[in-house]
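Reading through the structure tokens given below for one structure.
The values are calculated or read from the model by the stated rules, or taken from the named source; none is laboratory data. The model shown is predicted, which means the values in this text are computed figures rather than measured ones. All Cβ positions, even for glycine, are placed from backbone atoms using ideal geometry, and neighbour counts span all protein chains on display.
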């Protein structure tokens, strides 16, 4: 495939950089098994609280409990995931 002069070199470092810049929500991903791999890709300031998955309330409650019990984050990082990270993305809505 031919490449143009402004095409980006797509290699593992480029892909890692793109993934690091994305934001990830915790909807059904608040468990250790989901959070540890996500934090291997990005930083806690790129995690957002989310419960938009159409699941039963007990499933959502369990997910929130798992997120709250995740010990690899500081209390400030937990608080940021709950609100501040999203507020930083959408300051006019804060």
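Things worth noting here:
- The condition of being over 11 Å from the mean Cα position of the chain (by Cα) and at pLDDT below 95 holds for only one of 80, 13, that being 13.
- Looking only at segment 49-64, and only at residues there that are surrounded by fewer than 15 Cβ atoms within 10 Å (Cβ to Cβ) and more than 15 Å from residue 25 (Cα to Cα), the one that is modelled with the lowest pLDDT: 55
For (1) surrounded by 10 or more Cβ atoms within 10 Å (Cβ to Cβ); (2) touching a strand residue (DSSP E or B) at 6+ places or on another chain (Cβ under 6 Å), each residue gets a yes or a no:
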residue: 5; (1), (2): no, no
residue: 11; (1), (2): no, no
residue: 15; (1), (2): yes, no
residue: 19; (1), (2): yes, no
residue: 31; (1), (2): yes, no
residue: 34; (1), (2): yes, no
residue: 39; (1), (2): yes, no
residue: 42; (1), (2): yes, no
residue: 47; (1), (2): yes, yes
